[in-house]
1. Taking R0 as 25 Å, what FRET efficiency do you get between residue 179 and residue 201 from their Cβ-Cβ distance, rounded to the nearest 0.05?
2. In degrees from 0 to 90, rounded to the nearest 10, what is the angle of the helix 363-378 Cα long axis to the longest principal axis of the chain?
3. Restricting the count to DSSP beta bridges whose residues both fall in the chain, what percent are antiparallel, rounded to a multiple of 5?
4. Between the stretch 226-240 and the stretch 322-339, what is the separation of their alpha carbon centroids in Å?
5. Taking the simple approach of a point 7 Å from Cα along Cα-to-Cβ for both residue 299 and residue 171, what is their distance in nm?
6. Given a Förster radius of 22 Å and the C-beta distance between residue 149 and residue 334 as r, what FRET efficiency does 1/(1 + (r/R0)^6) yield to the nearest 0.05?
7. Could you work out how far helix 107-117 tilts from the main Cα principal axis of the chain, as a 0 to 90 degree angle to the nearest 10?
8. Mark the label point 7 Å from the Cα of residue 251 along Cα→Cβ and return the residues of the stretch 295-337 whose backbone N is within less than 14 Å of it.
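Each value in this text was obtained by applying a stated rule to the coordinates, not by laboratory testing. Here the structure is a predicted model, which means the values were calculated and not measured. With ideal geometry, Cβ positions are generated from the backbone for all residues, glycine too; neighbour counts draw on all protein chains shown.
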Ligand SMILES: Nc1nc2c(ncn2[C@@H]2O[C@H](COP(=O)(O)OP(=O)(O)OP(=O)(O)O)[C@@H](O)[C@H]2O)c(=O)[nH]1
Ligand SMILES: [Mg+2]
């Protein structure tokens, strides 16, 4: 898919940078362009994949004072950059931002600039702040969310609370592994290695991984899929569909040394059953545990299922079972699905990605909404 990605603020810029990061497996890189706007020069400096001339520094005070001339000219600079792309260069525009931050306030300006000169649908990818960030940010985030929803063609929601918890868990796990793998002799008490990895970086990787899988779906491949899902179908699933969540679960396959034994096993009835069960389990994990934000997907209007992995591993039986389950679970009648066979040398894992769209709300948003509504009523 050809995407123009606009990263606003620290969260948005970092997510945009991660989405366009070239991957070792992606020789068939699609047409991606990214622009970053932030009020922290240090953040802009450390974006590795976005072109220098696509990074815009926007001082904080200027954003808060829309009447300032400096505000106008920074917006004009971004506008010129956007207008520099030929009509038809992209299939869609994706605006990434952290709700509750400062730069998210630019969304209305930018959407109107985009609508002036482009026909492409505009989507937002937003993060909901974690509880520890305090009530003020949470309330601001809710306001931002509802105003953005009215302006764009769909809002993909990631819950930072859920994903930070997961990221912290992952960091702890690696720390423990490191600790136990070191011989006692070398362990110096009190000098544990400094955790250099920011949990947000892990969260951003999880977010980017989901978007990249979608971007790559339907690209020209050496191995033909049984059911093709192209960019148009992905966009049709999310277009005009309010709140959107993305579930994704992946399982590594045994390394190539074992592949021959695996092949033989694949031919057996037990092997076939195991492969089908793997797909079903991954789908359940994607929906119940590894989803961008928990939601009641029985309220979804549309859904999309995408299987990726080595062709031999993409069990048709498993695929059909997942299709039936999702189709019967959602409220609407539009469900799309497809597979993305990838050579085992490039991707030694199987994954299931599931999109729910047309959600009237998601669990955390509903929770925040009820909490703050109640508070407002008591005031
Ligand atoms: N997923 C993710 N969320 C982030 C990251 N950094 C910040 N956030 C979240 O995004 C929200 C907005 O923060 P920023 O993106 O820094 O906001 P901003 O637009 O740069 O504006 P400031 O508040 O002035 O920094 C925060 O409340 C966090 O919940 C990040 O790297 N990844
Ligand atoms: Mg910031």
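1. Approximately 0.75, to the nearest 0.05.
2. Computed tilt is about 40 degrees.
3. Working: 17 of 54 bridges.
Taking every DSSP beta bridge within the chain, about 30 percent pair in antiparallel fashion.
4. 13
5. It is 3.2 nm.
6. Details: r = 20 Å, r/R0 = 0.91.
With a Förster radius of 22 Å, E is 0.65.
7. Tilt of helix 107-117: around 80 degrees.
8. Within reach of a label on residue 251, which here means backbone N under 14 Å from a point 7 Å along Cα→Cβ, the stretch 295-337 contributes 308-310, 313-319, 322.
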